[in-house]
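Contents: one structure, followed by commentary.
Just so it is clear, none of the values below were taken in a lab; they were calculated from the coordinates. These numbers come from a predicted model, not from an experiment.
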Amino acid sequence: MRCQSKRWFKCGKDLAMRRPTGNRHFVVYRNINLWALFALTKAWADPNRGRMFLALQRSELCVCQTTELIGLASATVSKHLSLLQRAGLVQSRKAERWVYYRLSDKSAAVGHAGGA
């Protein structure tokens, strides 16, 4: 069942809504923003990002410190951290030429609940 005017469609018993935003569609399914869910699953898809998340539980780190700790190239670490930031798990701040990352408020609560 489809209603083109409101862009609602029915999937079994569940309703989903598609609204165009730029060149992608913003999809809501059972009051869940699917793009946010996809960003979270992509953030946890690599074990190195999990290691970075655990390292950031202890303190704020710059990219160079994370590079030393994880043992990857700085460009790779920067890409991993930007994916974590896009998912809303970490926040960054720039001080002169260094970028420092720390856990966001909501991910810090999740990290401490996990027993780390």
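I'd like the Karplus ³J(HN,Hα) series for the stretch 89-96: coefficients 6.51, -1.76, 1.60, θ = phi - 60°, whole numbers in Hz, and an x wherever there's a Gly or Pro.
My calculation for the stretch 89-96 gives 8, 10, 10, 10, 9, 10, 10, 6 Hz in order.
Over the stretch 38-113, what is the mean sequence separation of C-alpha contacts under 8 Å (at least six apart), divided by residue count, expressed as relative contact order in percent?
That works out to 34 percent.
Against the globular-protein guess of 2.2 N^0.38 Å, express the Cα radius of gyration of the stretch 38-113 as a ratio, rounded to two decimals.
Normalised Rg, Cα atoms only: 0.99.
In terms of Cα to Cα distance under 16 Å, which aspartates and glutamates are near enough to residue 79, apart from those fewer than 8 places away along the same chain?
In chain and number order, the partners are 46, 68.
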